[in-house]
Amino acid sequence: MATAFRSTTRGCRAELDQHERRLLSRLCGDVVTILEGRTEDVSEDADDAAPASGAADAPADAYPDAGMDDSVFAHFSAELAGLDGDDSLAAPEDPVLRRLLPDASTDDEEAGRFRRLSESSLRAAKIADLRAARMLLESSPVHVTDEQAPLLGRALNDVRLTLSARIGIEDEADAEAVQRRAVRDDGGDQETFMAEVYTFVTWLQETLFSAMLEAMPDDGAPDAAADDVEDADTDTDTDADDAEGGAADGRRA
C-alpha cells in the first residue's frame with residue numbers, strides 16, 4: 001500500500017507497491033502518446049500549409065555564409081515561417097489536450113498566435129517530464145532528489161489533468177461526485193476505478209508538494225522548487241482547479 005511522500009536529507013521518498021508504480025508509469029505513457037499525437041497533427045497541418053517555394057526550399061549555395069547544414073537551415077526557416085503576426089495555431093479539439101495545453105488568452109486571435117509560438121516547446125517539456133517520471137517510477141521505494149521532485153510533480157499534474165478531463169470534472173459538484181464514488185465499497189465498474197485512480201494521483205501529488213515545501217529553507221529564501229510547485233498548481237483553468245481541489249479535499253478527509 002502506498003505511503004505519502006516525505007522529506008528526507010536526500011530528497012523526497014514514498015513507498016509504492018509494484019502495481020501502483022506500473023499504473024502510474026502506464027498513465028504517464030498514455031499522456032505522452034496523446035501529446036505526441038498532437039505533435040503529429042500539427043506537423044501534418046504545417047506541411048499542408050507550407051508554401052511551394054521560399055527560404056526553406058532555396059539551394060544551399062544561396063546562403064554561402066550560413067554556417068549550417070541544409071536540414072538545420074530548413075528547419076529554422078520553417079519555424080520562422082508565418083511569424084509575421086497573421087499566422088496562428090488552432091486549439092486542439094480533444095478536451096484532454098485543451099486542458100494540458102490551455103489558451104494563453106481569452107481572445108481567440110491572440111491565443112492562436114501565442115499558441116503558434118509556444119505550444120511546441122510546451123509539448124516537448126511535458127513529454128520530457130513524463131518520460132523522466134517513468135524512469136523514476138522504476139525504483140522501489142520511489143526516491144527523488146530536490147532537482148527531480150519538481151519534474152515528477154509536473155508529470156503527476158499532467159496525469160491528473162488528463163484523468164479529470166476524461167471523467168468529466170468541470171466543477172465542484174463533479175469533484176464531490178467523483179470522491180463519493182472513489183470511497184464506495186461496491187467498486188468494480190470502470191467509472192469507480194477511474195475515480196479511485198484520479199483520487200490516488202491527486203493525493204500522491206499533494207504529498208509530494210507538501211514534502212517539497214517542508215524541505216524549503218526556514219529563512220524563507222526564494223527556492224526554485226517552490227516556484228515549480230506554484231507553476232504546477234496553476235497549470236490549468238480556474239474551473240478545473242476548483243473541481244480538482246474539491247476531490248483532493250475529500251481524499252484528505
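From largest accessible area down, sort 15, 147; use a 1.4 Å probe on the protein chains. Don't jump to the answer; show the numbers that get you there.
Working: 15 70, 147 140 Å².
Largest accessible area first, the list is 147, 15.
For segment 106-190, what does the alpha-carbon gyration tensor say about shape, rounded, prolate or oblate, given a ≥ b ≥ c as the root eigenvalues, a/c under 1.5 as rounded, and a/b over b/c as prolate? It comes out oblate by the Cα gyration axes. Extending 7 Å from Cα along the Cβ direction at residue 94 and again at residue 22 yields two label points whose distance is 2.5 nm.
Packing, taken as the mean count of other beta carbons within 10 Å per residue, orders the peptides 20-31, 207-218 from highest to lowest as 20-31, 207-218.
For the pair residue 105 and residue 15, label points projected 7 Å from Cα toward Cβ lie 5.2 nm apart.
Our note on the geometry: Cα centres of segment 97-127 and segment 145-188, 22 Å apart.
Full extension of the chain between residue 210 and residue 147 gives 21.1 nm of extra length, using 0.36 nm per residue less the Cα-Cα distance.
Here the Karplus curve 6.51 cos²θ - 1.76 cosθ + 1.60, taken at θ = phi - 60°, turns the phi angles of segment 124-137 into couplings of 4, 5, 5, 4, 4, 4, 5, 5, 5, 4, 4, 5, 5, 7 Hz, with x standing for Gly and Pro.
Would you please give the FRET efficiency between residue 8 and residue 196, computed as 1/(1 + (r/R0)^6) with r the Cβ-Cβ distance and R0 = 22 Å, to the nearest 0.05?
Efficiency for this residue pair is about 0.20.
The values are calculated or read from the model by the stated rules, or taken from the named source; none is laboratory data. Here the structure is a predicted model, which means the values were calculated and not measured. Methodologically, a virtual Cβ is constructed for each residue, glycine included, from the backbone with ideal geometry; neighbour enumeration extends over all protein chains shown. SASA here: full protein model, heavy atoms, side chains in, ligands and nucleic acids out. Shrake-Rupley method; radii C 1.70, N 1.55, O 1.52, S 1.80 Å.
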